[in-house]
Amino acid sequence: MFLVYYQGVQNTVKGKMRQARFISSSPHYRSLPVSAGKEVAFAGRSNAGKSSVLNTITGRRALAKISSSPGKTRHINLFGLDEQAVLRLADLPGYGYAKVNVKEQKRWGEELTRYVMERESLCGVVIVVDIRRSLTENDRRMLTLCRTAGRPVHVLLNKADKLKKSMLFRTVRDMEKELAFLAPGASMSSFSALKKTGLPEFYEVLGRWLQLL
Ligand code: GDP
């Protein structure tokens, strides 16, 4: 019985994600389309695999173009999940790219802050992290910002395929402890955009946030 329900949930979320289509690319917060409905945002350090994660969950190989040069996309890209785009995914610019000058980094920090604080439809923020690296200063800032704004957060530990099982368990456990201290209430799971592992757990988070369940 539970298994049937669980598979139903998975299929519902998967089906919605598969409908993803590009809506807009906005260089500034103020130029974003109106904020009705529900939006899940994806943040993370450049090269953590944010584009690959978006492509994997939507089943589209090039929905969010995988950047050959990290940090290339500095726009907020929106993807609609239904005809009216009432449900959306937002691909936020990868942060912490060294080649972007300080002024541009500051400007983007301000844009992201505004987005997280003010975007009415924002129902959750996914922070994509490379599981082999520790949280960056910007990841921590994003966690704090979400906490201040009262936004639910999920830390997605991507590239799990790069770790052996024993190391994976240890890393997940350490991250759990760190998050409990830094951002109580934030959830986390391991994932591999490459091997497509961790999809069910992540679909459940997305389904809950977008109220598909
Ligand atoms: P973004 O800058 O965060 O959007 O990162 P990309 O999606 O462009 O990915 C950066 C690099 O990491 C690319 O070479 C991807 O092929 C690789 N990558 C992304 N996800 C995974 C994963 O789950 N496993 C492995 N092994 N590589 C990945």
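The values are calculated or read from the model by the stated rules, or taken from the named source; none is laboratory data. Remember, predicted model here, so these are calculated numbers, not experimental data. Using ideal geometry, Cβ is built from the backbone for each residue, glycine included, and neighbour counts are taken over all protein chains shown. Accessible surface is based on the protein model in full, side chains and every heavy atom, while ligands, DNA and RNA are left aside. Shrake-Rupley method; radii C 1.70, N 1.55, O 1.52, S 1.80 Å.
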Rounded to the nearest 5, the percent of antiparallel DSSP beta bridges in the chain equals 30 percent
The simple spin-label model distance between HIS75 and GLU104, using points 7 Å out along Cα→Cβ, in nm, is 1.5 nm
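What percent does the relative contact order of the chain come to when contacts are Cα pairs within less than 8 Å and at least six residues apart? Don't jump to the answer; show the numbers that get you there.
Values: 356 pairs, mean separation 52.6, N = 213.
Averaging sequence separation for qualifying contacts and normalising by length gives 25 percent for the chain.
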Over the Cα atoms of the chain the radius of gyration and the largest Cα-Cα distance (Dmax), both in Å, equal 16.3, 56
Flagged as over-length at 19 Å C-alpha distance, from LYS50/LYS106; LYS50/LYS103; LYS164/LYS195; LYS106/LYS159, the pairs are LYS50/LYS106; LYS50/LYS103; LYS106/LYS159
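Give the carbon-plus-sulfur fraction of the accessible surface of the chain in %, rounded to a whole number; probe 1.4 Å, heavy atoms of protein chains only.
Working: 6020 of 11220 Å².
Carbon-and-sulfur percentage of accessible area, whole number: 54.
Filter the trypsin sites (Lys or Arg not before Pro) in the stretch 80-171 to those in DSSP coil with at most 10 other Cβ atoms within 10 Å of their Cβ, and list the result.
Numbers: sites: ARG88, LYS99, LYS103, LYS106, ARG107, ARG114, ARG119, ARG132, ARG133, ARG140, ARG141, ARG147, LYS159, LYS162, LYS164, LYS165, ARG170; in loops: LYS99, ARG119, ARG132, ARG133, LYS159, LYS164.
Here the trypsin sites (Lys or Arg not before Pro) that fit, given the DSSP loop and packing criteria, are LYS99, LYS164.
For the stretch 1-63, what does the accessible surface come to per residue with a 1.4 Å probe? Please give it in Å². Spell out each step's value before the answer.
Details: 3360 Å² over 63 residues.
On a per-residue basis, 53 Å².
State in Å² the accessible area per residue of the stretch 100-173; use a 1.4 Å probe, count heavy atoms of protein chains only, and round to the nearest integer. Spell out each step's value before the answer.
Values: 4020 Å² over 74 residues.
The answer is 54 Å² per residue.
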